[in-house]
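K.L.:
Mind looking over this structure? Questions follow.
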Amino acid sequence: MIRVQGLYKNFGSFRALDDLNLEVEPGQVLGLLGPNGAGKTTTVRVLTTLLSPDSGEVTVAGHNVKKDPDSVRRSIGLSGQYAAVDEKLTGFENLVMVARLYGMNRKSSAARANELLDEFRLSDVAGKRAGAYSGGMRRRLDLAGAIVARPEVVILDEPTTGLDPRGRLDTWAVISSLVGNGTTVLLTTQYLEEADQLADNIAVIDAGRVIAEGTANELKSRIGSERIDIVTALPENLERAGAILAGIASRAPEIDSQTRTISVAAPDGHHMLVRALEELEFADVKVLEAALRRPTLDDVFLQLTGQRAETQPSGDESSLHAAENQEALQA
Ligand SMILES: Nc1ncnc2c1ncn2[C@@H]1O[C@H](COP(=O)(O)OP(=O)(O)OP(=O)(O)O)[C@@H](O)[C@H]1O
Ligand SMILES: [Mg+2]
């Protein structure tokens, strides 16, 4: 449904996409995972005909983006990285406008708009101007707009960035139901948990090229064994504990001084944990937490790109939508 072969894109002398290759089978979700500046949005813009490739073959739903951009546009729905809604129109009017642009008649446009407003929990603000919506509400309206015409391919650029935890779960549910209906989805994300939850396949991109791909499990098993995490009680013990673990492990441990955590691959699992705890005890290092765990996508990402992925934003935005909607109404 999506095929990208040997895609290059330069901005002046800067190479944003560097021989990028991707493939998405019908009805599958591809998660494009990468740090800031990796080339995710540039890829999305090429796929959606907003940007012309310098070279390479790119087809979406069987249509070439260069030769047949109109057919590509008719086959896709896009929700860009920054929500694009008309602030002067109400939520309802925004969706009706999109439906009309896709050629739906007045009656079915209104019906579809109401259906989506309900699905995205925007019914109670459907008659309010989108300009008064909160960030999360705009994001949900924009996502609804992307699927108005039930396109074959939906492309979502960081669909849950800026959403609170409930908004994120809702969005995940919507994406899953799209896939249940046979829609093909390409989504970009900086959140490993999101890729892990939603994507059949994950392509990790960095500096404009794919540096790893596979299912979440395949990527995790690439870095192999289980891992040990040790948190020391005292910051002054961290260095000594790190040296002890380095002596036991075959790979250098990662040390995070902020969280006082030492993390290291443990090929022989619990044997190594027992030995580490014995040696730490002998060296008088107080251990606050010790755990044996499977590698996460975060470990994969760190190993591949040399940097940690974004952590999911936590509960600080977690106002209930009812309260959020109320606030917007007052505004
Ligand atoms: N129009 C442009 N002109 C010049 N450079 C650009 C342009 N668009 C993107 N770039 C550069 O290309 C690189 C890739 O950008 P892109 O927006 O695709 O990254 P991204 O993976 O979407 O990042 P983010 O996670 O921050 O959204 C970046 O270094 C960016 O500065
Ligand atoms: Mg981007």
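The values are calculated or read from the model by the stated rules, or taken from the named source; none is laboratory data. Quick caveat: nothing in here was measured; it's all calculated off a predicted structure. Note: ideal-geometry Cβ built from the backbone for every residue, glycine included; neighbour counts use all protein chains shown.
K.L.:
Quick one: would you say G80 is buried (at least 22 other Cβ atoms within 10 Å of the Cβ) and within 13 Å of ligand 2 (Cβ to nearest atom)?
P.N.:
Against the criterion (buried (at least 22 other Cβ atoms within 10 Å of the Cβ) and within 13 Å of ligand 2 (Cβ to nearest atom)), G80 does not qualify.
K.L.:
Kindly indicate whether G91 is surrounded by 15 or more Cβ atoms within 10 Å (Cβ to Cβ) and either more than 23 Å from L198 (Cα to Cα) or within 16 Å of ligand 2 (Cβ to nearest atom) (or both).
P.N.:
yes
K.L.:
Among the candidates S123, S109, S75, S55, which residue alone is surrounded by 15 or more Cβ atoms within 10 Å (Cβ to Cβ), touching a strand residue (DSSP E or B) at 6+ places or on another chain (Cβ under 7 Å) and assigned by TED's automatic domain parsing to the domain that holds V174?
P.N.:
S75
K.L.:
I would also like to ask the following. Please tell me if G37 is within 13 Å of ligand 2 (Cβ to nearest atom) and part of a loop (DSSP other than H, G, I, E, B).
P.N.:
yes
K.L.:
Would you pick out the residues in the range 33-55 that are more than 10 Å from ligand 1 (Cβ to nearest atom) and in contact with a Pro (Cβ under 8 Å, 6 or more places away or on another chain)?
P.N.:
The one that is more than 10 Å from ligand 1 (Cβ to nearest atom) and in contact with a Pro (Cβ under 8 Å, 6 or more places away or on another chain): T49.
K.L.:
I'm trying to understand the selection: among the residues of the range 131-176, which are buried (at least 24 other Cβ atoms within 10 Å of the Cβ), out of contact with any strand residue (DSSP E or B) (no Cβ under 7 Å at 6 or more places or on another chain) and either not assigned by TED's automatic domain parsing to the domain that holds V24 or not in a helix (DSSP H, G or I) (or both)?
P.N.:
Y133, T160
K.L.:
Can you pull out every residue in the range 191-206 that is closer than 23 Å to V60 by Cα and either within 16 Å of ligand 2 (Cβ to nearest atom) or not assigned by TED's automatic domain parsing to the domain that holds L22 (or both)?
P.N.:
A195, A203, V204, I205, D206
K.L.:
From the list D68, D118, exactly one residue is among the acidic types (D, E), within 27 Å of G180 (Cβ to Cβ), away from ligand 1 (no atom under 14 Å from the Cβ) and out of contact with any helix residue (DSSP H, G or I) (no Cβ under 8 Å at 6 or more places or on another chain). Which is it?
P.N.:
The match here is D118.
K.L.:
Hey, among the residues in the range 217-244 that are among the small types (G, A, S) and surrounded by fewer than 19 Cβ atoms within 10 Å (Cβ to Cβ), which one's nearest to I262 (Cα to Cα)?
P.N.:
Among those residues, the one meeting the criterion is A243.
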